[in-house]
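Following: one structure in structure tokens, then a few remarks.
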Amino acid sequence: MPRVLLHMVLMVALAMVLSGTASAKPDKQEEVATREAEKTGALIYAYDQAAWRSTDMFMAEMQSKMPPNMRGYIVVPEQGGRLRAIYYAEDGGKMVAIRSYSVAGKRSIRPLNSEAGSPLSALTLRMIAARDAALRYASDNMLPICAKASPNTVVLPPDENDRIVVYILTPQEQNVQFPAGGHYRWVFDNQNQLISHRKLSEGCGLIKVQQQGFGIIIIEHKMDEHPTEIHAFLSRLIPFPLTIVTPKRDVWFATNGKLEYTSRLKPEE
């Protein structure tokens, strides 16, 4: 079913399921925060996809040739809006690229063979250091991840205030189930000092997708008065809109990264 039609069907279905709404709209601060969440959710998705697709190519190329000094991977920005996924190892006390890939969207990925053996840039090392600091924090404080597998990580490059934001995300373990909980955010300054940390969701709920790709998922989000970047990110992974209800009983739809306010439910009697 096309997304536009599916969205209309879901709006009608929600109106039938939920008992009455009151006239309201989000305030300006909530609207600004929601637009920012959309932008950040799109970045998380792009960096996550670049890691996923480049890993498939990297593993196919390396097979049994994985170097013993392999240390990990990182996704960094390129000029022109593309992303670069770098798989790196330690060589003589320095981090050097083993394989690098230029990625754009879902279909464009090309190896950068000439970069093999190149030392990592200062920006790349800084992003790795921020991610490692977030992982240590999560381990030291035993933050729960809602899966047996290792968490996914997304590191966003320095923003206009020269801060790096790191996300630790519960990984997807089954094709038809997406984790709604176990997601965290860290913010680091230009000296890699922690500015803030927070969890972005409660519990370990799962978004289950039926084989026909249709469903209604209502998430009661008690932590904010508006949807977050995690809702925008998750909505890019599933084939139908998420419905988010906030503490003020505001109802939002998250559809393919777009966060849309719909109504406010009447208070419970």
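Nothing in this text is a laboratory measurement; each read-out follows from the coordinates by a stated rule. Nothing here was measured: the structure is a model prediction, and the numbers come from that model. Cβ coordinates were reconstructed from backbone atoms using ideal geometry, including for glycine residues, and neighbour counts include every protein chain displayed.
Its Cα centre serving as origin, the chain has a Cβ charge dipole (Lys and Arg +1, Asp and Glu -1) of approximately 560 debye.
Helical runs assigned H by DSSP (4 residues or longer) give the chain a calculated mean residue ellipticity at 222 nm of -9500 deg cm²/dmol, each run adding -39500 (n - 2.57) before division by the residue total. Which lysines have a Cα less than 24 Å from the Cα of Lys65, not counting those fewer than 8 places away in the same chain? Straight-line reach from Lys65, under 24 Å: Lys94. Give me log10 I(q)/I(0) at q = 0.13, 0.32 Å⁻¹ for segment 53-104, Debye formula, one equal scatterer per alpha-carbon, no solvent. For the requested q values the scattering log ratios are -0.32, -1.25.
Compared with the dominant Cα axis of the chain, that is its longest principal axis, helix 28-62 is turned about 40°. Remark: Cys146, Cys204 ranked as Cys204, Cys146, counting other beta-carbon atoms within 10 Å and listing the fewest first. Considering only alpha-carbon pairs that sit under 8 angstrom and 6 or more positions apart, the relative contact order computed for the chain is 18 percent. Using the structure shown, select from Lys222/Lys266; Lys199/Lys258; Lys25/Lys258; Lys199/Lys222 the pairs with a Cα to Cα distance greater than 19 angstrom. Check vs 19 Å cut-off fails for Lys199/Lys258. The base-10 log of I(q)/I(0) for segment 3-265, evaluated at q = 0.17 Å⁻¹, reads -1.39 [Debye formula, identical scatterers on Cα atoms, solvent excluded].
Which whole number of Å³ per residue matches the convex hull of the alpha-carbon atoms in segment 163-269? Provide the component values of the computation, followed by the final result.
Details: hull volume 12.3 nm³, N = 107.
Dividing the Cα hull volume of segment 163-269 by its residue count gives 115 Å³.
Residues whose amide H lies under 5 Å from that of Ile98, counting only those 5 or more places away or on a different chain, are Tyr87, Tyr88, Ala89, Gly117; hydrogens are built 1.01 Å from N in the peptide plane.
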